[in-house]
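Inspection log for the structure reproduced underneath, given as structure tokens.
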Amino acid sequence: MGFVMLAVFTIAEILLTVLTCTKFRSIRHKNRMIFTAGELALLMLVIFLPMGQSWRFTGCVIVLGIRLVISVIVFLVKRKREVKEKSNAKLIVRTVFGVVLIGSALFPAYIFSGYHGLKTTGSFKVKETEAILIDKSRLEPRENDGSNREIPIHFYYPEGGAENCPLVLFAHGSFGYYQSNSSLYFELASNGYVVASIDHPYYAFFTKDTSGKTIIVDFEFVQTAVNMQNSDDYTMSEEDYNTTREWMTLRTADENFVLDAIKAAKTSGSLDDAWYTKFDKINAEILNVLAMTDTENIGVTGHSIGGAAAVQLGRERSDVRAVIDIDGTMLGEEIAYNNGVIEYNAEPYPVPVLSLDNARHWKSYAGENGTTYVNTYLLNNALDAREAHFDGTEHMDFTDLPLFAPPLAKMLGKGDVKSSEFIPELNGIVLNFFDYYLKGEGTPTVQPWDGQTP
């Protein structure tokens, strides 16, 4: 839609310039006012269409609004004055500048689609609320002012009548953010789950702290993560091993703290000073959410390194009943680096685990490079393991990014699958797995791991 609007505005600007240069030079200010008003009216019509998503066009509305105000003022001031001739060259330069200005203002519309969410299969309407948890036992490692580590948490929960809803904790991938898999949260919540999606500050694309400051991702972390992901070397250096251990330590500490804080608030029926919210009514809302939450049946999942952290929580916590790793390398299973060789955890994995992978990544790591992939090692060593990989997918196909920002998803790793079909399939598999292990309902659609690599 963004490129369509740019084409329409470009044609309008060119037409206005041609008319001005040929026969309507004397009323150019009036024509500018009329054309700008028409452009703004057309844009407002598009915004109010069902697929419009007005926020994508906010910048363009502001630009056209300012141009309209200026053109009206100029028309009113100069309508009774003698019009000073302008050269055609100046008119053309003005046209080019106007097209560039409007094109720049339309940038969000090029990147983002008119995505409004996927239809859910459950019977419950879904509500949302949020808070920030402050871990007073840890300092924020990327700040030097003595600040404590803060973890934003976003709840998705069923509205009305739900009881004993299993808790599912979700963690985003590298430089992702809490909404990365929103369609999954809504699908789970509509089927009677409470979903807690968290942000890892400085590892999330952006988030906010208790002061209201926007915290953007640490660019050194981004560069390191991208270099690792783009490497064709399947072996890991000691430096890489130490780096990923640092990432995993911070993420699992965040997630353990969140789960402990949720359970403590559930037990006490109150929010202690670890919880920060903006309004008292949010405190009451969160307590209502926790009252319906079954904290004895916890599922954990996440995308990429968020999935790896979920797997690690399954080892560390006795209250985790099921784990799903969504296209992530299970870095927590790498426990030592000796003489160029990584040692894997030999203890049987104790919790039912499901690994969902893109086929290219899975085959290149698990079947073609002649090394033992950590994920297959865990699956072979787990008490209850399942795995599914999907042809035509890439890393970002396992998030909602292809639905709301297709160009960005393509740049970061998008396969050939049709996202509007694949993501509901993926969400259904996740729901089915959690239903079986957290609710005791149904039968898993993914069969038990048979020990066969691709």
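The values are calculated or read from the model by the stated rules, or taken from the named source; none is laboratory data. This one's a predicted model, so the numbers in the text were calculated from it and none came from an experiment. Every residue, glycine as well, gets a Cβ built from its backbone with ideal geometry; the counts of neighbours run over all protein chains shown. These area figures cover heavy atoms from the full protein model, side chains too; ligands, DNA and RNA do not enter into them. Shrake-Rupley method; radii C 1.70, N 1.55, O 1.52, S 1.80 Å.
Let me make sure I get this right: for region 121-244, a, b and c are the square roots of the gyration tensor eigenvalues over alpha carbons, sorted descending. Under 1.5 in a/c it's rounded, otherwise prolate if a/b > b/c, else oblate. Which is it? Since a/c reaches 1.5 but b/c is at least a/b, the shape of region 121-244 is classed as oblate.
Is there a quick way to get the dipole size of the chain? I mean about its Cα centre, with the Cβ of Lys and Arg at +1 and of Asp and Glu at -1; what is the value in debye to the nearest 20?
Charge dipole, the chain, about its Cα centre: 4260 debye, nearest 20.
On full extension, the segment bounded by residue 70 and residue 214 gains 48.5 nm, given 0.36 nm per residue less the C-alpha separation. Solvent exposure of the chain, expressed per residue, is 48 Å² of accessible area, with all protein chains present and a 1.4 angstrom probe.
What is the calculated FRET efficiency for residue 58 to residue 450, with r their C-beta to C-beta distance and R₀ = 56 Å, to the nearest 0.05? Walk me through the intermediate numbers first.
On the way: r = 52 Å, r/R0 = 0.93.
So, using R0 = 56 Å, E works out to roughly 0.60.
Taking label points 7 Å from Cα along the Cα-to-Cβ direction, residue 123 and residue 364 give a separation of 4.6 nm.
Accessible surface of region 122-180, 1.4 Å probe: 43 percent of it comes from carbon and sulfur atoms. Straight-line reach from residue 213: taking Cα to Cα under 18 Å and skipping same-chain neighbours fewer than 8 places apart, the aspartates and glutamates in range are 130, 135, 140, 143, 145, 150, 199. When you filter the chymotrypsin sites (Phe, Trp or Tyr not before Pro) in region 203-266 for DSSP loop state and at most 12 other Cβ atoms inside 10 Å of their Cβ, you are left with 234.
Here region 194-329 exposes an accessible surface that is 49 percent carbon and sulfur, computed with a 1.4 Å probe and the other protein chains kept in place. Dividing the summed helix terms, -39500 (n - 2.57) for each DSSP H run of n ≥ 4, by the number of residues in the chain produces a 222 nm estimate of -14000 deg cm²/dmol to the nearest 500. Taking 0.36 nm per residue of separation and subtracting the Cα-Cα distance, full extension of the segment from residue 222 to residue 291 would add 21.0 nm. For the set 386, 142, 251, the ranking by accessible area, highest first and with no ligand, DNA or RNA atoms included, is 142, 386, 251 under a 1.4 Å probe.
Reducing region 114-146 and region 283-331 to their Cα centroids gives an inter-centroid distance of 13 Å. Please work out the FRET efficiency for the pair residue 42 and residue 116, using the Cβ-Cβ distance as r and a Förster radius of 25 Å; give the result to the nearest 0.05. According to the calculation, E is roughly 0.70. Between 383, 342, 172, the Cα set farthest toward the positive side of the dipole of the chain (charges on each charged residue's Cβ, about the Cα centre) is that of 172. Between residue 96 and residue 138, residue separation times 0.36 nm minus the direct Cα-Cα distance comes to 9.7 nm.
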